[in-house]
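What follows is one structure encoded as structure tokens, with my remarks underneath.
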Ligand code: SF4
């Protein structure tokens, strides 16, 4: 049995990996980080730091550059549109394929490799991999079994009865004053205004990249989107959104969640 951490590099999966490193959870064989190549620099810096703390390897896998693929109107197989769930003029979201194609599938491919399967080789019927998913007690509703019979999902933070807040406290005790990264794509349409505002003030480079991307998707060179699409839920260009009021402070913070759960795949 191979024990693998699905490492999103957000709060929960970071703490789960470090708890193993501190002997508070059993030692896994490795962790896997799926890189959309569209995360803020602070996430990659956090991952570099985290990797240096862990006594087990972190495999970084990628299905390509999500941002560039979206702008080019291709998906990971070069066939159709790699859809980020943009807000669409008139209501609703665009199709959500990014998590499956750029996060779940590259991890699955690596899991197959870890148990020695060749391309298209049939997977074993029995469980060969235990995949640790970083879900805390406040998010228990997101627990889902693996769709592959040979992979068993487990939730060590649930077993340890840890909430997201417990994870934050655990990290603060071990690594005082060290910030935890907020792992998600720079221009994810699930960002709330608290996060957009924080990015605009504290990470202006990422915000400028998100603004550029938001403007570019409406040029829609690939012709894949029939209606105007926006990264901000107001369906206004991101650069025109006023983030100064604080009324939205109580809204759901996407970063209480990992991307996998948010996309519901
Ligand atoms: S963070 Fe957002 S844009 Fe990135 S893969 Fe997840 S849902 Fe898609």
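The values are calculated or read from the model by the stated rules, or taken from the named source; none is laboratory data. Source: prediction; values computed, not measured. Using ideal geometry, Cβ is built from the backbone for each residue, glycine included, and neighbour counts are taken over all protein chains shown.
Observations on the structure shown:
- Only one of 107, 84, 158, 115 that is closer than 19 Å to residue 20 by Cα and touching a residue at least 12 places away in the same chain (Cβ under 8 Å): 158
- Test: residue in region 60-68 that is within 15 Å of the ligand (Cβ to nearest atom), in a helix (DSSP H, G or I) and more than 15 Å from the chain's Cα centre (by Cα): yes
- Residue pairs meeting the criteria (Cβ under 6 Å; at least 6 apart or on separate chains; first in contact (Cβ under 8 Å) with a residue 12 or more places away in the chain and over 12 Å from residue 70 (Cβ atoms), in region 92-103; second within 8 Å of the ligand (Cβ to nearest atom) and part of a loop (DSSP other than H, G, I, E, B)): 93/85; 96/85
- Filter result (crowded, with 19+ Cβ neighbours inside 10 Å and modelled with pLDDT of 95 or more) within region 166-180: 167, 170
- Out of 193, 216, one residue alone is within 18 Å of residue 37 (Cβ to Cβ) and at pLDDT 90 or above. It is 216.
- Residues satisfying the stated conditions in region 181-202, i.e. in a loop (DSSP other than H, G, I, E, B) and either within 8 Å of the ligand (Cβ to nearest atom) or surrounded by 20 or more Cβ atoms within 10 Å (Cβ to Cβ) (or both): 181, 182, 183, 184, 185, 186, 187, 188, 189, 190, 191
- You will find that of 18, 25, the residue that is assigned to a loop (DSSP other than H, G, I, E, B), within 27 Å of residue 161 (Cα to Cα) and touching a helix residue (DSSP H, G or I) at 6+ places or on another chain (Cβ under 8 Å) is 25 and no other.
- Some residue of region 32-54 being part of a loop (DSSP other than H, G, I, E, B), free of Cβ contacts under 8 Å to residues at least 12 places away in the same chain and either over 17 Å from the mean Cα position of the chain (by Cα) or surrounded by fewer than 22 Cβ atoms within 10 Å (Cβ to Cβ) (or both): no
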